[in-house]
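Engineer: Quick one: the structure is below, and I'll ask about it shortly.
The values are calculated or read from the model by the stated rules, or taken from the named source; none is laboratory data. These numbers were taken from a predicted model, which means no experiment stands behind them. Here Cβ is always computed from backbone atoms with ideal geometry, including for glycine, and neighbour counts include all displayed protein chains. The area values use the complete protein model at the heavy-atom level, side chains included, leaving out ligands, DNA and RNA. Shrake-Rupley method; radii C 1.70, N 1.55, O 1.52, S 1.80 Å.
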Amino acid sequence: MDAAPEVSADAATDQGADTAVDAPLLPGLEGPPTFEDRNPDPRVVEVDLVASAGDAELVAGRMTRSLLYNNRTPGPTLHARVGDRVRVHFRNDLQEPTTIHWHGLRIPAEMDGNPMVQPPVMPGGTFDYEFVVRDPGTFWYHPHVNTIEQLDRGLYGAIVVHEAEPPRFTAERVFVLDDVRLDARGAIAPFASGGHDAVHGRAGNYLLTNGAAARASLTAPRGSIERWRIVNAAGSRVLTLSLQGASWRVVGTDGGLLPTAWEPSRLQVAPGQRFDLEVTLNDASGVTELLAHVLTQTDAGVQTVPRALVELRYEGDTTATPPVYPTVTLPPRAESPMLQTIRLGANTDGGLAFTINGRVHHEHAAPMERYVQGEPVRFTIINEIGPEHPFHLHGQFFQIVSRGGRDADELGLKDTVQLGPMERVVIETRFENPGRWMYHCHIPEHAEHGMMAELEVTPAP
Ligand code: C2O
Ligand code: CU
């Protein structure tokens, strides 16, 4: 009853996953530095993680007081191979309680780092997270306490779990994307509790690529084939991306590699979502740009303006062999799944609050729905209001069945699905992972004002 993609390796490699001593090195990652692994066992990744306040150079030449993981934002990338055991010795040096949530990882519920299962780590306190990473893919970590501020001030990092026999690329890069609202002096603007932010979530006036507002300037040999792992860590901004001067294909998403790649003209990445791109750098122009198309106030009114997040120039030449992807099979749709409805709404009795199935969910006081592990359930999620919602389910993957009544072409295992205004999306999950889990809108202003509920998956009998 495991809906993880079945992976069979076609690639002829000499990588033996169980040779404990001579385990092959993981493919290198460009982007934020990876954690220092202090465990010599190649199948155990053991790291120290500290959250604290500190300065970050988000805009060149200026320091912005931020919240940091291991003194940086994004925090170090957690880099492992599927099946590895991960131990994170966490210390909270913030002035406020926090937790670490491992977004998308199917780990035991008590390690999920949400305040429903874990009392928040108090200032000066510690917690050891330990789990086995069972699924390859691109994931991320972030706090699950006062997320409106902690996430926005810089607490997030990427997680890369490699396939047992990873397809080979000329290079792999991680791009953690975000936005931040800075005032005229370069400080993070104060958090207001009403107005536009309360309705739509707070958006920033600077886009950040791996923690820097300037476009990332990169080089690669012409002829390279690279894997770009994109994480949207923004609170509320949906990123619409395009690539210029190179060809790209989407080869993976939240829950790992896809059965078949597809080529977008533009790619929408909602808060919380990830996409893996295969980028072939072989263009006459010699300059490749990753663009975000952003609504911007211009002299001609509000327009969508492309902004370069990444600019890559060729240096030298290479002839890359096309990567060989493992065969991925998604679990088939269930014939007679249990049918459920999740209505996302709002009410204004006594201030703006957000609702799931008509109720404002507070501090996990709501009664839980129960499901049995392995039982296929199809949820019709209905957005009854104007603001959009990136809907996230903890600890499980799902597939998108339909959107707006039409069969969905959004292939792959997901943990976060975007709902536009008044939109209706049908998803299907098999709840492989028992325990108590949260589901919520990934816009922290919505989640923390009522749109965050819980369910329980009881172990299969
Ligand atoms: Cu990425 Cu409950 O969160
Ligand atoms: Cu929402």
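Engineer: Between residue 313 and residue 189, what is the label-to-label distance in nm when each label sits 7 Å out along the Cα-to-Cβ direction?
Structural biologist: The two pseudo-label positions are separated by 3.4 nm.
Engineer: Using only the Cα atoms, what convex hull volume per residue in Å³ does the stretch 122-236 have?
Structural biologist: 160 Å³
Engineer: Gain in length, residue 408 to residue 52, computed as 0.36 nm per residue apart minus the alpha-carbon separation, to one decimal in nm?
Structural biologist: 124.0 nm
Engineer: Per the Kirkwood treatment, what hydrodynamic radius in Å, one decimal, follows for the stretch 172-317 from the mean inverse distance over all distinct Cα pairs?
Structural biologist: For the stretch 172-317, the Kirkwood estimate is 16.4 Å.
Engineer: Could you order 321, 380, 355 so the one with the most accessible surface comes first? Probe is 1.4 Å.
Structural biologist: 321, 380, 355
Engineer: Also: On each of the three principal axes of the Cα atoms of the stretch 83-162, give max minus min coordinate, whole Å, ordered largest first.
Structural biologist: If we take the Cα atoms of the stretch 83-162, the spans are 35, 22, 20 Å.
Engineer: Report Rg(Cα)/(2.2 N^0.38 Å) for the stretch 267-410, keeping two decimals.
Structural biologist: Cα-based Rg divided by the globular estimate yields 1.50.
Engineer: Next question, about the same structure. Across the stretch 154-170, in residue order, what do the Karplus-derived ³J(HN,Hα) couplings come to in whole Hz, using 6.51 cos²θ - 1.76 cosθ + 1.60 with θ = phi - 60° and x for Gly and Pro?
Structural biologist: x, 8, 6, x, 8, 10, 10, 10, 6, 4, 4, 10, x, x, 9, 10, 5
Engineer: Now a separate question. Beyond 42 Å, what share of the Cα-Cα pairs of the chain is found? Please give it as a whole percent.
Structural biologist: Of all Cα-Cα pairs in the chain, 10 percent lie more than 42 Å apart.
Engineer: Let me ask something else about it. Per-residue HN-Hα couplings for the stretch 195-211, Karplus 6.51 cos²θ - 1.76 cosθ + 1.60 at θ = phi - 60°, whole Hz, x for Gly and Pro?
Structural biologist: Listing the rounded values in order: x, 4, 4, 5, 7, 10, x, 7, 10, x, 9, 10, 8, 10, 10, 6, x Hz.
Engineer: What residues have an amide H closer than 5 Å to that of residue 204, excluding those fewer than 5 places away on the same chain, when H is modeled at 1.01 Å from N in the peptide plane?
Structural biologist: Amide H to amide H, under 5 Å and 5 or more residues apart or across chains, residue 204 pairs with 180.
Engineer: Short version: ³J(HN,Hα) in whole Hz for each residue of the stretch 260-274, in order, from phi by Karplus 6.51 cos²θ - 1.76 cosθ + 1.60 (θ = phi - 60°), x for Gly and Pro, what are they?
Structural biologist: Couplings: 9, 7, 9, 10, x, 7, 10, 10, 8, 10, 7, x, x, 7, 10 Hz.
Engineer: Please report the net charge: other residues with Cβ closer than 14 Å to the Cβ of residue 370, K and R +1, D and E -1.
Structural biologist: -3
Engineer: Roughly what would the spin-label model give for residue 39 and residue 338, points 7 Å off Cα along C-beta, in nm?
Structural biologist: About 3.5 nm, to one decimal.
Engineer: Taking every DSSP beta bridge that has both residues in the chain, what percent is antiparallel when rounded to the nearest 5?
Structural biologist: Expressed as a percentage, antiparallel bridges in the chain total about 70.
Engineer: May I pose another question? At q = 0.13, 0.17, 0.25, 0.27 Å⁻¹, what is the base-10 log of I(q)/I(0) for the stretch 394-461 according to the Debye formula with one equal point scatterer per Cα and no solvent? Please give it to two decimals.
Structural biologist: Values, matching the q order: -0.43, -0.72, -1.18, -1.23.
Engineer: Students sometimes get this wrong: rank 207, 411 by accessible area, probe 1.4 Å, all chains present, largest first.
Structural biologist: Descending order: 411, 207.
Engineer: In terms of modelled amide H atoms, which long-range or inter-chain residues lie less than 5 Å from the amide H of residue 224?
Structural biologist: Close amide H contacts, sequence-distant or interchain: 281, 318.
Engineer: Once the Cβ-Cβ distance between residue 422 and residue 362 is put in as r, and R0 is 25 Å, what FRET efficiency do you end up with, to the nearest 0.05?
Structural biologist: Approximately 0.45, to the nearest 0.05.
Engineer: Among the GluC sites (Glu not before Pro) within the stretch 272-378, which fall in a DSSP loop and have no more than 16 other Cβ atoms within 10 Å of their own Cβ?
Structural biologist: Qualifying residues, ordered by number: 335, 363.
Engineer: Taking all protein chains in place and a 1.4 Å probe, what share, in percent, of the accessible surface of the stretch 9-164 do carbon and sulfur account for?
Structural biologist: Of the solvent-accessible surface of the stretch 9-164, carbon and sulfur hold 50 percent.
Engineer: Something else now. Given just the C-alpha atoms of the stretch 171-223, how large is their convex hull per residue in cubic angstrom?
Structural biologist: Taking only Cα atoms, the stretch 171-223 has a hull volume of 107 Å³ per residue.
Engineer: Just to verify a number: what accessible area does residue 173 come out at with the full protein assembly present, 1.4 Å probe, Å² rounded to tens?
Structural biologist: About 20 Å², ignoring ligands and nucleic acids.
Engineer: Take the eigenvalues of the Cα gyration tensor for the stretch 338-458, scale each by 5, and report the square roots as semi-axes in whole Å, largest first.
Structural biologist: Details: eigenvalues 95, 67, 24 Å².
Rounded to whole Å, the semi-axes are 22, 18, 11.
Engineer: Output the peptides 225-234, 147-156, 114-123, 77-86 sorted from most to least packed, where packing is the average of other Cβ atoms within 10 Å over each peptide's residues.
Structural biologist: Numbers: 225-234: 25.2, 147-156: 23.0, 114-123: 17.4, 77-86: 21.3.
Taking the mean over residues of other Cβ atoms within 10 Å, the ranking is 225-234, 147-156, 77-86, 114-123.
Engineer: Once you keep just the Cα pairs under 8 angstrom separated by 6 or more residues, what percentage relative contact order results for the chain?
Structural biologist: Computed over the chain, the figure is 15 percent.
Engineer: Using modelled backbone amide H atoms (1.01 Å from N, in-plane), which distant-in-sequence or interchain residues come within less than 5 Å of residue 397's amide H?
Structural biologist: 432
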